[in-house]
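Please treat every number below as a calculation from the coordinates, not as lab data. None of these values were measured; they are calculated from a predicted model. Because the Cβ atoms are built from the backbone with ideal geometry, glycine has one as well, and the counts that use them run over all protein chains shown.
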Amino acid sequence: MENNKKVIIVGAGLVGSLWAVYLSKAGYSVTIYERRPDIRKAEISAGKSINLALSNRGWKALDAVGVGDEIRKIAIPMYGRMMHDLAGNLTFQQYGKEDEAIYSVSRGKVNATMMDIAEKHGNATIHYNHDCKRVDLKNGIVYLKNTQTGEDIEAYADVIFAADGAFSAVRYNSMQKLDRFNYSQNFIADGYREILLPPNPDGTYRMDKNALHIWPRGRFMVIALANEDGSFTCTLFMPHTGGEHAFDKLTSKEAVDNFFKSVFPDFYEMMPNIADAWEDHPLSSLAIVRCYPWTSGKVALMGDAAHATVPFYGQGMNAGFEDCTVLNGLMLKHNHNWEAIFDEYSRERKPDGDALQDLSLENYYVMRDYVADPAFLLRKKIEAKFSALHPDKWMPLYSQVTFSEIRYSVAYKQGQIQSKIMDEIMEIPNIETRWDEDEVMEKLLTLSGH
């Protein structure tokens, strides 16, 4: 289909690049403006990049336009969490059913691959070093500055998409100036710092590459995801200030050294030079950004620009990719009538953005604290057994979010109901020894209203 309509996407990140492929396949002429230089020409370092976890929603969006296999080449399956306790003992907790996995991918590599895909499959033109100053929402004009030449540029389009991240320039400079535009930005008390754990001298992995490793320590944690080259991208999440353990206490090499030695001894053993590598990556903050409406005039927000979340459910990228699935569905439903598409997109998708943010915050407590709790692990075991016996009646919340396309808002509500039911089950006297009995499964069946 050739409809000669022009589309501008601000931001050549993961979501912008994928959406370019969708639009191009639908016959639009696509131009992307990106503030940063072309990362494919730079040496991609982990930078500020928490490794990403691709799951069902993301794969669905990629496969729908035939680009999933490109990404599969650089993805490593993780079948569950591997917990490391203080003594270095390992406990494995499966994510879903036998073959279900989430996939570790490097943000830099996926982004570079997505840009190639946007140009090759999406025939998109990408202009780098273009800073978006503001957008005329009603008339579809983007005002940009070429940061290399200093030239001011005006670009026109029939529709404009802002996929320019949590601190979106389009949202900040144009939408936040609108009357009755709601916006909130909340930083959580915790920050993160990345650490690259190198491979063994012979290039092999130092730990099981097919698991997401967690060192849960109550108020803070380290996680590690495998890279293709044998290394692991590790991230320490911890309060910025306050308490015995916080980033503001780690101001010297000696302090960093002692901290890892005492709190993460098995990690320290793998990386005794941790103090030297400490400054390789910046200390970064984590924010949840909420806003509404997501559209105005000819402009729509997508991905983090609309619903930035914290990374504890591994769903940020998957949710952004799902925005593409949702918008594409609406594009077909409303036959490219963008006023109708935008109206429904903003209303329909917003509750899912909110629900994912609530889910992500709650999963932080799970990862840094509960996963080390025997009662929590027992709870998961009972749920898994019941779900295997009655798959039509019970799907654990994690599986609803990660291994299905159930709306985030529906999964969140369902998860709250299930949580109350499981509270009752855990009250059964001697549940630790009796959890496997038929009686327990029968009670669950009754409680779940069947």
Report summary line: The exposure ranking of Leu301, Leu444, Leu330, fewest beta-carbon neighbours within 10 Å first, is Leu330, Leu444, Leu301
**Report entry** Cα-projected label distance for Lys261 with Glu442, points at 7 Å along beta-carbon direction, nm
**Finding:** 5.9 nm
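Using alpha-carbon pairs under 8 Å, 6+ residues apart, how would you state the relative contact order of the chain in percent? Each step should come with its number before you reach the end.
Working: 835 pairs, mean separation 80.3, N = 450.
Over the chain, the number comes to 18 percent.
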Query raised in the report: Which percent, to the nearest 5, of DSSP beta bridges fully inside the chain are antiparallel?
Result: 75 percent
Query - For the range 96-221: lysine pairs under 25 Å (alpha-carbon distance), excluding those fewer than 8 apart on one chain - result: 7
Query raised in the report: Given R₀ = 60 Å, FRET efficiency for Thr241-His334 by Cβ-Cβ distance, to 0.05?
Result: 0.75
Query raised in the report: Based on the Cβ-Cβ distance from Asp202 to Asp152, what FRET efficiency comes out when R0 is 56 Å, to the nearest 0.05?
Result: 0.55
**Report entry** Extension gain from Leu377 to Leu178, taking 0.36 nm per residue of separation minus the Cα-Cα distance
**Finding:** 66.9 nm
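Looking at the square roots a ≥ b ≥ c of the eigenvalues of the Cα gyration tensor of the range 373-447, which shape do they give, rounded for a/c under 1.5, prolate if a/b is larger than b/c, or oblate?
Numbers: a/c = 1.96, a/b = 1.75, b/c = 1.13.
Prolate.
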Query raised in the report: In nm, what is the difference between 0.36 nm times the number of residues separating Met426 and Arg36 and their Cα-Cα distance?
Result: 135.2 nm
Requested in this report: May I ask you to list the aspartates and glutamates whose Cα is less than 19 Å away from that of Lys6, ignoring any residue fewer than eight positions away on the same chain?
Outcome: Glu34, Glu119, Asp136, Glu154, Asp158, Asp164, Glu339
Query raised in the report: Could you work out the helix-only [θ] at 222 nm for the chain, with each DSSP H run of four or more residues adding -39,500 (n - 2.57) and the total divided by the number of residues, to the nearest 500 deg cm²/dmol?
Result: -11500 deg cm²/dmol
Query raised in the report: Could you put Glu244, Glu194 in order, starting from the residue whose Cβ has the fewest other Cβ atoms within 10 Å?
Result: Glu244, Glu194
Query raised in the report: Of all trypsin sites (Lys or Arg not before Pro) in the range 92-176, which ones are in loop regions per DSSP and have a Cβ with at most 16 other Cβ atoms within 10 Å?
Result: Lys97, Lys138
**Report entry** Set of lysines with alpha-carbon distance to Lys60 below 18 Å, sequence-local pairs under 8 removed
**Finding:** Lys25, Lys73
**Report entry** Residue order, fewest to most surrounding Cβ atoms within 10 angstrom, among Glu427, Glu405
**Finding:** Glu427, Glu405
Query raised in the report: Residue-wise, which Karplus ³J(HN,Hα) couplings in Hz belong to the range 299-313, taking 6.51 cos²θ - 1.76 cosθ + 1.60, θ = phi - 60°, and x for glycine or proline?
Result: 10, 10, 8, 9, x, 4, 4, 9, 8, 4, 10, 8, x, 7, 10
